[in-house]
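The values are calculated or read from the model by the stated rules, or taken from the named source; none is laboratory data. Small disclaimer: the values here were computed from a predicted structure and weren't measured. All Cβ positions, even for glycine, are placed from backbone atoms using ideal geometry, and neighbour counts span all protein chains on display. Accessible surface is based on the protein model in full, side chains and every heavy atom, while ligands, DNA and RNA are left aside. Shrake-Rupley method; radii C 1.70, N 1.55, O 1.52, S 1.80 Å.
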Amino acid sequence: MPQSKQDKNIERSWPKEGVIRVPAWIYSDPDIYARELETFHYGDTWNYVGLDCEIEPGGYKRSWVGERPVLVTRTEDGEIHVMENRCAHRGAMLCWKNSGKAKDITCPYHHWAYNLGGDLMGLPFLRGAGGKGGMPRDFDKSKHGLTKLRVARRGGSIWATYSDDVPPLDDYLGPEILERLDRLVSRRPLRLVGYSRQIVDSNWKLYWENSRDPYHATLMHPFLSTFGILRTDGDYDSVPLQEGRHEYTFSRYNPELRNSTSEASRQIKSIRSDLEMRDKEVVNSVVDEFQDGMMGAFQVFPTILVQQYFNCLVIRHIILKGPGKHELTWTYFGYADDDEQVRELRLKQSNLVGPAGFVSLEDSEMLALMQPVVESRPDAEQVIEMGGHGTEAQSTMMTENLIRAFYDFYRREMGL
Amino acid sequence: MNEWVRVASVDEVVEGEAFASERKGEAIALYREGDDIYAIGDVCPHETVRLSEGWLENGLIECPLHQSCFEIRTGKVIEGGAAYEDVACYEVKVEGGSVYVGEGRRP
């Protein structure tokens, strides 16, 4: 008898050691995946869907909440709406262009037409043709609009939820995330720089953990260590927030340290001390626009990682595509009042990250290699002990505290 | 100069029905209310379809595609539908059993 890939005989209970072990079946089990979508993306969370600079009045952009395609629109009065990109009639996708301007949204299948607020304006042959057919007289167009999501905005960022019970966005984010989000998206009007998009052939949580894992970055991304962007000996904060739901990592840029080689760095064999960067603008803080010398990243569960490397500002949006696949959209942004020099710097420094970034071996390549191996041994357990067993904040890159904090939160929410 | 063009015989335009016609290449429709005959543009400004194939009720012609409504007396669009532009309104005269319309204009 052929053995199924998903061995149902494996006990679906968390290892007794707690969050220092992660059972491999959570990366492939379709039931777990379905429950994650219901519990998280379609449950009591705020999902990032875009930036206001991506949509002009009378315009739209496509986005996703969980696996569901949505449209983010802006009516002429400036108001932002988020609705499912799914015709209320038969479920056809209404729009597959990433962004643009539109007077209305008309389904290609039977031409049902909606306004940018998602209300059904009309449908062909409501009264039939030649006196025959058509909708029943009591068909009420006002009851057949697109499924609308609740919307919240913070600075230039746009968020949506299916939940009526989720706390207001500001409370959901919490003061530490708000401070860091405002630093990047609320002080000046935003400007879209551009996008990268990539399909990652792994479970979304492998990527989620990866960006909570500073440990790998010094080793797997030797470019960053070689040119002094990541320092094993610098100040580095790994701080879990909201009971593990969100997190931030920040480092202080120290030009002094950049010119020395630490003992730890000497131990990393992938670091090449004989290489020098010809154009140092890519790896330096040329314009200290935030006046605080900080750079780093933060995660807002369950959708985004927001990152600032010098003048490169980017939001990584994780879009689920099944248990073993997700899409990563990188939205690079700047500010409407950026001068020529800063515009140039943002473009240049955007080469650091993304699917073809200078980071050396890219995360998604590693995760795509990892996924089938993880799937082949759903009964195995991952070891998450770097930095001890705790889930509290730490001031080092050599820790997996943020992964443990995430699974502490995850287990509670999923009842595992 | 207002040029009058013959578009129908007066018997063809009956109450409760749209009569589709053409004036120098422009699609128009004629409507009757008692002794009065009205002529308005017949292409929906939302999507290209003839309004005269739609639903006529209470002095309004309703587009067969998305139910935008227009006043048959003036061509004026009723706000809140898929279309947000008026259709043209034409001057009408009846002479010797024929219906003539002049230049169209927006209300």
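Quick look at the values:
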item	result
Chain A - percent relative contact order, Cα under 8 Å, separation 6 or more	21 percent
Per-residue SASA entry for A:HIS216, accessible area with 1.4 Å probe, Å² rounded to 10	30 Å²
A:HIS110 paired with A:LEU219, simple spin-label distance in nm, labels 7 Å along Cα-to-beta-carbon	5.7 nm
Largest-first ordering by accessible area, 1.4 Å probe, given options A:LYS132, A:LYS205	A:LYS132, A:LYS205
Accessible area (Å², 1.4 Å probe, nearest 10) - A:SER28	10 Å²
Anisotropy class of segment A:20-157 from Cα gyration tensor, a/c 1.5 cut	oblate
Taking chain B and dividing mean pair separation by its residue count, relative contact order in percent (alpha carbons under 8 Å, at least six apart)	26 percent
Reachable aspartates and glutamates, given that their alpha-carbon falls under 18 Å from the alpha-carbon of A:LYS132 and they are not under 8 places away in the same chain	B:GLU17, B:GLU53, B:GLU57, B:GLU62
Rounded if a/c under 1.5, otherwise prolate or oblate - segment A:151-239, Cα gyration tensor axes	prolate
Protein accessible area in segment A:276-378, 1.4 Å probe - carbon and sulfur %	53 percent
Distant-in-sequence amide H partners of A:LEU313 (H built 1.01 Å from N, under 5 Å)	A:PHE333
By accessible area with a 1.4 Å probe, ligands and nucleic acids excluded, highest first: order of A:HIS221, A:HIS111	A:HIS111, A:HIS221
Whether chain A is rounded, prolate or oblate, judged on the alpha carbon gyration tensor where a/c under 1.5 counts as rounded	oblate
Spin-label model distance (nm) - A:THR75 vs A:ASP138, 7 Å beyond Cα toward Cβ	2.9 nm
Size of electric dipole in the protein assembly as shown: Cβ of Lys, Arg +1 and of Asp, Glu -1, about Cα centre, debye, nearest 20	1040 debye
Buried accessible area, chains A and B (both chains, 1.4 Å probe, Å² to nearest 100)	1000 Å²
Paramagnetic reach from A:LEU416 (point 7 Å along Cα→Cβ, amide N under 17 Å) across segment A:357-378	A:371-378
Vicinal HN-Hα couplings computed from phi for segment A:109-121 (Karplus, 6.51 cos²θ - 1.76 cosθ + 1.60; Hz; Gly/Pro x)	7, 10, 6, 5, 10, 10, 7, 5, x, x, 7, 6, 8
Value of relative contact order over segment A:192-414, rounded to a whole percent, pairs C-alpha under 8 Å and six or more apart	33 percent
Extension gain, A:LYS348 back to A:ARG278 (0.36 nm per residue minus Cα-Cα distance, nm)	23.9 nm
Heavy atoms of A:CYS95 accessible to a 1.4 Å probe, total area in Å² rounded to 10	20 Å²
On Cα atoms only, tilt of A:363-376 relative to the major axis of chain A in degrees	80 degrees
Evaluated at q = 0.20, 0.21 Å⁻¹: base-10 log I(q)/I(0), Debye formula over Cα of segment A:284-416	-1.42, -1.47
Cα→Cβ-extended label distance, 7 Å offset, between A:ARG150 and A:ASP292, nm	2.8 nm
Formal net charge of residues neighbouring A:ILE384 (Cβ-Cβ distance under 9 Å; K, R +1; D, E -1)	-1
Length released on extending from A:ASP31 to A:ARG90, taking residue separation times 0.36 nm less the Cα-Cα span	18.6 nm
Ranked order, A:TYR248, A:TYR48 - accessible area, probe 1.4 Å, largest first	A:TYR248, A:TYR48
Nearest 10 degrees, 0 to 90: helix A:169-185 Cα axis against chain A principal axis	70 degrees
Residue-averaged 222 nm ellipticity for the protein assembly as shown, from DSSP H runs of 4+ at -39500 (n - 2.57), nearest 500	-5000 deg cm²/dmol
Neighbourhood net charge (10 Å Cβ-Cβ; Lys/Arg +1, Asp/Glu -1) for A:ASN98	+3
For chain A, share of DSSP beta bridges that run antiparallel, in % to the nearest 5	100 percent
Cross-link pairs B:LYS24/B:LYS76; A:LYS321/A:LYS348; A:LYS61/A:LYS141; A:LYS101/A:LYS141 - those with Cα-Cα distance over 29 Å	A:LYS321/A:LYS348
0 to 90° range, to nearest 10: angle between helix A:401-414 axis and chain A longest Cα axis	30 degrees
Extension reserve of the B:GLU79-B:SER9 stretch, reckoned as 0.36 nm per residue once the Cα distance is removed	21.9 nm
Segment B:4-43 residues near the modelled A:LYS103 label - backbone nitrogen below 16 Å, point 7 Å along Cα→Cβ	B:41-43
